[in-house]
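Heads up: the structure comes next, in structure tokens.
The values are calculated or read from the model by the stated rules, or taken from the named source; none is laboratory data. Computed from a prediction, not measured in an experiment: that's the story for all the values here. A quick note on method: Cβ atoms are made from the backbone with ideal geometry, for glycine too, and the neighbour counts reach across all protein chains shown. For the accessible areas, the whole protein counts, side chains as well, though only heavy atoms, and no ligand, DNA or RNA atoms are used. Shrake-Rupley method; radii C 1.70, N 1.55, O 1.52, S 1.80 Å.
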Amino acid sequence: MNIIPELPANKIIKLLKRKEISVEEIVLAQFKRIDEVEDKVKAFISLNKEEAINEAKMWDKKIHEDKKIPPLCGIPIAIKDNICVKNEKTTCGSRILENFSPPYSATVIDKVKNAGCIIIGKTNMDEFAMGSSTENSSFYVTRNPWNPETIPGGSSGGSAASVASGEVTLALGSDTGGSIRQPAALCGIVGMKPTYGRVSRYGLVAFASSLDQIGPLTKDVTDCALLLQVISGKDNKDSTSIDRPVPKYLEYLIPDLQGIKVGLPKEYFVTGIEKEVKESVLQAAKVLEDLGAKVEETSLPHTEYAVATYYLIATAEASSNLARYDGVKYGYRTKEKTNMIDMYKKTRKEGFGDEVKRRIMLGTYVLSKGYYENYYGKALRVRTLIKRDFEKAFEKFDVLLTPTSPTVAFKIGEKIDDPLKMYLSDIFTISANLAGIPGISIPCGFGQNNLPVGLQILGRPFEEETILRVAYAYEQSTEWRKRKPEI
Amino acid sequence: MKEYKIYIGLEVHVELSTQSKLFCGCKTKFGAAPNTQTCPVCLGLPGVLPVINRKAVEYTIITALALNSRINKNCRFARKNYYYPDLPKNYQISQYEEPLASGGWVEIKANGKTKKIGIERIHLEEDAGKLIHGEIKEDKDFSFVDYNRAGIPLMEIVSRPEINSPEEAYEYLVNLRQIVRYLGVSDCNMEEGSLRCDANISLGEENRMGTKTELKNMNSFKEIREGLRAEIKRQYELLSRGEKVIQETRVWDPKKKKTFSMRGKEEAHDYRYFPEPDLPPLFIDKSWVERLKAIIPELPQERFNRFIHQYGLPEYDAGVLTESKDIADYFEECVKFFPKPKMVSNWVMGDFMRLVKKEDMTKIKISPASTADLLSEVEKGTLSTTMAKEVMEEMFKTGKGASQIIEERGLKQISDEESLDKVADEVVKENPKAVKDWQKGKSQAIKFLVGQLMRKTKGKANPQLANKLIEKKLKNLSG
């Protein structure tokens, strides 16, 4: 049983199919691992042990009766705490929703449950997904399993750390500007942001509606394909989800890249990038060439405006999305109030953390009369230019290869007082959200202090299968995935 | 004294009578217990998303077409941001730069002439909930909120400032409401809040508007007219004294019959509109619009004209009958069974409408066919007009057919000369004074005698015949 925490879902499924293990054993093994390491990692905000074991028993009964079992039967999964699970606390890492339990589940939750996944718990995150280190959680800081002094990345830091530490097999996160890919890179696992519209956002507590997307965090590319398969598809409850057939992703996982054209955008190899990160990525490009891909340098000329554009659009949308937390209907309400306006002000002052307040103020400002055109309006136009950069690049290339993050995991506290420095952590991931395109981060080496480096592969909208194919071929010809952190 | 030109623009909010709300499946019935028609979407809980109600879009397109507006092929929703407890998300999903329809007009009569009042735009948005302020002792420090109304589709129709008097404003609203009701997209009931109206007023010169004020809180068309009159008077007095009108929002106080300042320009909200990212742009293709065009019913003005030409009705009749679509429909159904339009018109406008006033048209028990039956009985002479009214009332109450009631109550008119002759004899014998009066030349006396005859027959006698017989008797006596 001790090996369960180390195995990816695709291996566990095989054991289960051969009846060498029961679902209950899988779940108990995970909770044992959680008992061992959670004090050091602090990946979870809440755990769901009792119900998880009950569900495990239920699946075991079905397996025993030889009933048809779903594709991810019995696989433990962790859910980022901004994805609603019916009657379970969904805090968004915020004091303002500390005691909020939604009376409904997100569409992705229904889907993973129908696929047989067992929800182990809800994971820590930067408050309302605003941050790159999980230090902005109202509750506590999650540690990077590779080095407890460093951050796990963010905002899906809890989800990434839970998978990397072996506490859980799969996790769901959300990615608004890199919040799945960056922590996946820093924790040495696989994380994918699907195309905007590929996965339903219904039940994902909104940060920036036009950028948010739910995606998988997994131990390998095969698991990523398996989980993406389950959560993808049109949802009538989300008008921005797109009605396009979902390919059978597993069929694209072949260890060969003949005919694949890979672009290396030069803008991603200059500013503030650590030497080891750059070298690892360029080395990865060579591996792809060896596998049959054609690799060439290319350019995405508007890249330098991505961070500024992102912080105008994301904050503008956030200022409106977070307006509903006012103490009137649910969530935290201040104890000291004299009138309605006073209640609003105190509730929000006491309920939100600094970074959230900073972004609400920024977003409110950029939408205000007299500023809209110069900030928000202009940002929308630049967003179109960034999108066109990608469209042009994808006329020639099937995928683009970049570092996921300019650095490896940094020390807890290192950037927390310098928001601008922190914002640059997402410099390579933000553009994909602005353009709506899919991207994956997979391990591609180790940099300073022996911490993991992530390789980002970006692809055409709704061509996740091509990204997965490149990622799989690379993964299979390297050994990075086999190294595990010692906790 | 200086003359000013009055500029009035009206913003009319119409609650659409769709079965479900604009962005979720909740019911829209009026008067349900607080918060029983709500769900996570219209309560704005974290993580939920809006999905547009197709019917609401169609209702708005139909209205736009009826008001000669241009349907914008691509329209967008926008968020209007402001904090208020009746607004669950603290933003309202509305439309801003790309409304569903632009342009168009409503025709009114002004000084005997037809005038077109231009429409600026028509857009779709969600309604807010309702605050109920605590009244009893324990609740006095609290307000309660009912979100049943939150998310009900509202269509906003904004006129151009081309209305030049409170009377024109009144006329505009009456005609607009009539069209919307004809289309069946709203009941436009001001008491239940399914029609609301704000006004912008300024006094200016020809071709130049003055500083405008916005006027709110008018709860009937009459109050709108009154409120406008009061605000115009106030602005006129200010300008006459050489003072300036300040741009602000004012409220109408129906008790004091005055308008009062609510908030100035500085306190005006900055709504920070931006495109709603949760809803993709709405693409309205031509074939959809064509399909909807085909189901627009005949509008009041066209129907009015047709009633005059097709049925040869006087303008007055055509006006009364076409005021409401239900009445006009009823009239036409009756004419199908009883093809004497003027006689039908008289009945429908008279007793029928008097009875209908108290009832909902949909609950009317008397079918057009039975009204036609009743009228043919009158025409045949089986039923007197007075009797017919009585029968109709009974038909209203019970839903029974005309002939059944006539039969049951023995109301059949007596047109049998032999039996009436006997009664006439009795009447003449019993009223010698009246007979003498008649002989002295008082022709009025004959009416009294006919009246006596009617009394004896309980009103069933054929009046013409009764008259003829009494006259004969009198002449015989004198001759």
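A compact table of results
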quantity	calculated
All lysines inside 18 Å of B:K109 as judged from Cα atoms, apart from same-chain residues fewer than 8 positions distant	B:K222
Estimated FRET transfer efficiency when R0 is 41 angstrom, pair A:I3-A:K411 (beta carbons, to 0.05)	0.80
Estimated distance in nm for a label pair at B:H133 and A:K482, the labels positioned 7 Å out from Cα along Cα-to-Cβ	7.5
DSSP-loop trypsin sites (Lys or Arg not before Pro) across the range B:320-374, with at most 15 other Cβ within 10 angstrom	B:K357, B:K358, B:K365
For residues of A:179-190, the mean tally of beta carbons on other chains within 10 Å	0
For A:R181, solvent-accessible area (1.4 Å; no DNA, RNA or ligand), Å²	0
Highest-first arrangement of A:449-455, A:431-437, where packing means the average Cβ count within 10 Å	A:431-437, A:449-455
Relative contact order, percent, chain B [alpha-carbon distance under 8 Å, six or more residues apart]	14
Label-point gap, in nm, between B:K116 and B:A294 - each point 7 angstrom along Cα→Cβ	2.8
Heavy-atom surface of the protein assembly as shown, accessible at 1.4 Å and reported per residue (Å²)	44
FRET efficiency, 1/(1 + (r/R0)^6) with R0 45 Å, evaluated for B:E191 and B:R306 via beta carbons	0.90
Helix-derived mean residue ellipticity, 222 nm - over the protein assembly as shown, DSSP H n ≥ 4, -39500 (n - 2.57), to 500	-12000 deg cm²/dmol
Threshold 50 Å², the range B:256-272 residues less accessible with all protein chains present than alone (1.4 Å probe)	B:D270, B:R272
Subset of B:K244/B:K265; A:K11/A:K411; B:K429/B:K472; A:K234/B:K73 violating a 22 Å alpha-carbon distance limit	A:K11/A:K411; A:K234/B:K73
The range B:249-315: GluC sites (Glu not before Pro) falling in loop per DSSP and having at most 11 other Cβ within 10 Å	B:E266, B:E267
Average Cα contact separation per residue, the range B:417-477, under 8 Å, 6 or more apart, as relative contact order %	41
Buried accessible area, chains B and A (both chains, 1.4 Å probe, Å² to nearest 100)	2800
Extension gain, B:A32 back to B:N346 (0.36 nm per residue minus Cα-Cα distance, nm)	109.0 nm
Percent of beta bridges antiparallel (DSSP, the protein assembly as shown, rounded to nearest 5)	80
Sparse-neighbourhood loop sites, trypsin sites (Lys or Arg not before Pro) in the range B:1-67 - DSSP loop, at most 11 other Cβ within 10 angstrom	B:K2, B:K29
Cut-off 12 Å between beta-carbons: net charge of the residues surrounding A:D256, Lys and Arg +1, Asp and Glu -1	0
Extension gain, B:N217 back to B:T386 (0.36 nm per residue minus Cα-Cα distance, nm)	56.2 nm
Within straight-line cross-link reach of B:K140, lysines at Cα separation under 18 Å, skipping those fewer than 8 residues along the same chain	A:K337, B:K130
26 Å Cα-Cα reach of A:K266 towards lysines, excluding residues that sit fewer than 8 places from it in its own chain	A:K193, A:K275, A:K278, A:K286, A:K294, A:K378, A:K387, A:K392, A:K396, A:K421
Residue-level accessible surface for A:Y474, protein heavy atoms, 1.4 Å, Å²	10
Over the range B:298-409, relative contact order from alpha-carbon pairs under 8 Å, at least 6 apart, %	21
Per-residue ³J(HN,Hα) for the range B:327-342, Karplus 6.51 cos²θ - 1.76 cosθ + 1.60, θ = phi - 60°, Hz, x for Gly and Pro	5, 4, 4, 4, 4, 5, 5, 4, 4, 4, 8, 9, x, 10, x, 5
Shielding by partners - mean other protein chain Cβ count within 10 Å, residues of A:315-328	5
Carbon and sulfur %, accessible surface of the range B:417-477 computed with the full protein complex present, 1.4 Å	52
Within 10 Å of each Cβ in A:101-111, the average number of Cβ atoms from other chains	2
